[in-house]
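> My questions all concern the structure below.
The values are calculated or read from the model by the stated rules, or taken from the named source; none is laboratory data. What you see is a predicted model, and the numbers here were worked out from it, not measured in a lab. Heads up, the Cβs are rebuilt from the backbone with ideal geometry, glycines too, and the neighbour counts pull from every protein chain shown.
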Amino acid sequence: MAATQKIELPALRIETVLIPIVGDSPLICHAFSKKAQEMMLAKQTKRASAGREAKDPWQDFCESLYWLDGMPAKPTEEQVENGRFGFPAIGFKSAAVTACTSISSITKVAARQAFHIDQEFVEIKGVPAMRQDMARVGQGTADIRFRGEFDPWSAVLPVKFNAGLLSAEQVVNLFQTAGFAVGIGDWRPERDGQFGRFHVEGERG
């Protein structure tokens, strides 16, 4: 009978670093609105559609934002000015993972496993304003979009990482690179835009 081999796994060294970031270009939000979800569900379940409703620019703007305390049914200007808003944490992680294509010392696969932001949203500091843009939808059809834009904006990223794979300095460098080369939100550099860029506070490149 073969002897049982004992396997010893080294303990994980999990640490957390708080990374303060500052926006270098406006952040455009585009949350998936309840109306859009209902239209998609109706199409998938083959339910009759009520037809297109008249555009409500203010409501479209409000629904494009990520309300951390829940969006009121009919938000007022005061509620927008005093509201708490965020951006999906996965957006920041995805930006940092994509930034690995600019850094030879770590692969995207390794980065996905090496750090996390353990919350759904990161709070964005700033007051959103409504922007109006022309967009192409479907088969090149033109449409007008009303979305929320933060300018200026900042945030603090609580990043939990495996210190056996990355140092705190390497994690910070990943996000510094992500802010310059990838960005977050609509029309970011990753998608041939210039919005959603940021730098780590105190480490502007």
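> Please list, ordered by first then second residue, the pairs with beta carbon atoms under 6 Å, 6 or more apart or interchain, first in segment 174-194 and farther than 11 Å from I28 by Cβ, second at pLDDT below 95 and in a helix (DSSP H, G or I).
Correct list of pairs: T177/S102; A181/S102.
Matching residues to (1) among the basic types (K, R); (2) within 24 Å of P20 (Cβ to Cβ); (3) assigned to a helix (DSSP H, G or I):
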position: K74; (1), (2), (3): yes, no, no
position: S94; (1), (2), (3): no, yes, yes
position: A99; (1), (2), (3): no, yes, yes
position: A110; (1), (2), (3): no, no, yes
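> Ok, one more. Looking at (1) touching a strand residue (DSSP E or B) at 6+ places or on another chain (Cβ under 7 Å); (2) in a loop (DSSP other than H, G, I, E, B); (3) surrounded by fewer than 18 Cβ atoms within 10 Å (Cβ to Cβ), which one does L166 not meet, given that it meets all the others?
All conditions are met except number (3).
> All but one of (1) crowded, with 16+ Cβ neighbours inside 10 Å; (2) not in a strand (DSSP E or B) hold for E149; state the number of the condition that does not hold.
(2)
> Is it the case that F195 is modelled with pLDDT of 95 or more, closer than 24 Å to P10 by Cβ, in contact with a helix residue (DSSP H, G or I) (Cβ under 9 Å, 6 or more places away or on another chain) and not in a helix (DSSP H, G or I)?
Here the answer is no, as F195 does not meet what is asked.
> Hey, another quick one. Need the failing condition index for Q176 against (1) farther than 27 Å from G83 by Cβ; (2) of a type outside the set (D, E, K, R); (3) exposed (fewer than 12 other Cβ atoms within 10 Å of the Cβ), just the number.
That leaves (3) as the condition not met.
> As an exercise: evaluate T141 against (1) over 18 Å from the mean Cα position of the chain (by Cα); (2) surrounded by 20 or more Cβ atoms within 10 Å (Cβ to Cβ); (3) not small (G, A, S) and give the number of the one condition it does not meet.
Against the list (1) over 18 Å from the mean Cα position of the chain (by Cα); (2) surrounded by 20 or more Cβ atoms within 10 Å (Cβ to Cβ); (3) not small (G, A, S), T141 comes up short only on (2).
> Still on this structure: Within segment 193-204, can one find any residue that is surrounded by fewer than 17 Cβ atoms within 10 Å (Cβ to Cβ), under 20 Å from the mean Cα position of the chain (by Cα) and farther than 16 Å from V17 by Cα?
Yes, segment 193-204 contains a residue that is surrounded by fewer than 17 Cβ atoms within 10 Å (Cβ to Cβ), under 20 Å from the mean Cα position of the chain (by Cα) and farther than 16 Å from V17 by Cα.
> Quick check: anything in segment 154-171 more than 21 Å from the chain's Cα centre (by Cα), of a type in the set (A, V, I, L, M, F, W, C) and closer than 24 Å to F87 by Cα?
Looking for residues that are more than 21 Å from the chain's Cα centre (by Cα), of a type in the set (A, V, I, L, M, F, W, C) and closer than 24 Å to F87 by Cα, one finds at least one in segment 154-171, hence yes.
> From the set of residues in segment 112-138 that are part of a loop (DSSP other than H, G, I, E, B) and within 18 Å of the chain's Cα centre (by Cα), which is surrounded by the fewest Cβ atoms within 10 Å (Cβ to Cβ)?
Per the stated criteria, the residue is D118.
> Which residue, of T98, T107, is in contact with a Cys (Cβ under 7 Å, 6 or more places away or on another chain) and on the phi < 0 side of the Ramachandran plot? Working first, answer last.
Working: T98 fails: in contact with a Cys (Cβ under 7 Å, 6 or more places away or on another chain).
The conditions single out T107.
> Sticking with this one: What's the total number of residues in segment 9-32 that are in a strand (DSSP E or B), touching a Ser or Thr at 6+ places or on another chain (Cβ under 8 Å) and either among the β-branched types (V, I, T) or under 14 Å from R131 (Cα atoms) (or both)?
Counting residues in segment 9-32 that are in a strand (DSSP E or B), touching a Ser or Thr at 6+ places or on another chain (Cβ under 8 Å) and either among the β-branched types (V, I, T) or under 14 Å from R131 (Cα atoms) (or both) gives 3.
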